[in-house]
Amino acid sequence: MEESRKTVVITGASRGIGHATALCFLERGWSIITCSREDAPPECRRDRRWTRHIATDLSDTDSIASFVAEANEALGDEPLHALVNNAGMSPKTPYKERLGCLNGDLDAWHDVFELNFFAPLRLSRGFASALHKSKGAIVNITSIAGHAIHPFAGSAYSISKAALSGLTREMANEFAALGVRVNAVAPGEIETEMIQPEYEVLIPRIPLDRMGSARDVATTIYYLCSDDSAYVTGTEIWVTGGQHLF
């Protein structure tokens, strides 16, 4: 198919990295299907290639099933070229305290894993057939916090992202039989609404001496979905400004 007719599904697309990723694909002529708990911004819905935005609670299995069904219906017999599993959560206490292994409600851990780990798995299964048609790609958004202790990211979040890194490896092996590539992008400190003023103290740990932008992550995601990475699978790309080196 022509580049202008390629289609991507992006989760958590209403803000931050997800929104920047949606705009990145639109600029390159892709059609997009998105989901988030919130509606898409009005200015985005005016783009004719923004095929459909579906309000979805990815922590709820029934809502995921409905999203997959509606998105596949929108695709019809057309293939899906990429799935970007971006949506995630990192809960904190009311005082913005890091939730560790010794504090906080363990039920919150179930919520974190449902969104950060099981939702990508369910979505990848749900779109496997459509991705197979195009020999497409899946990109999971992990985190630097999944590989080392982070001063602000909670334990549940960090461990769920470590699990997602492992899932990416296993999926890359299994989805290869469908001709589908599976990779991950691990952002570091990225300037989004999740970043609080206290994160400024981390900049001296970043060799490039700045926080990254959502655009930095979005263009890396795009690369992994494009034909330029046709022989890349089972890989996790760090978008950290070098912070992961220490």
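Some observations on this one:
- The charge dipole of the chain, taken about the Cα centre with unit charges on the Cβ atoms of Lys, Arg (+1) and Asp, Glu (-1), comes to about 420 debye, rounded to the nearest 20.
- Peptides 108-115, 208-215 ordered by packing proxy, namely the average of other Cβ atoms within 10 Å per residue, highest first: 108-115, 208-215.
- Counted by neighbouring Cβ atoms within 10 Å, the residues 240, 192, 235 run from fewest to most as 235, 192, 240.
- Remark: 60, 77 ranked as 77, 60, counting other beta-carbon atoms within 10 Å and listing the fewest first.
- Column: log10 I(q)/I(0), Debye, Cα scatterers of the chain, q = 0.13, 0.14 Å⁻¹: -0.77, -0.89
- Using alpha-carbon coordinates, inclination of helix 16-27 to the longest axis of the chain, degrees: 30
- Neighbour counts of other Cβ atoms within 10 Å put 147, 19 in the fewest-to-most order 147, 19.
- Estimated 222 nm signal from helices in the chain, with DSSP H stretches of n ≥ 4 weighted -39500 (n - 2.57), rounded to 500: -10500 deg cm²/dmol
- Against the chain, whose longest principal axis comes from its Cα atoms, helix 61-75 is set at around 40 degrees.
- Each label point was placed 7 Å from the Cα along the Cα-to-Cβ direction; for residue 230 and residue 244 their separation is 2.6 nm.
Computed from the coordinates by the stated procedures, all read-outs in this text should not be read as laboratory data. Here the structure is a predicted model, which means the values were calculated and not measured. FYI the Cβ positions are ideal-geometry reconstructions off the backbone, even for glycines, and counts take in every protein chain you see.
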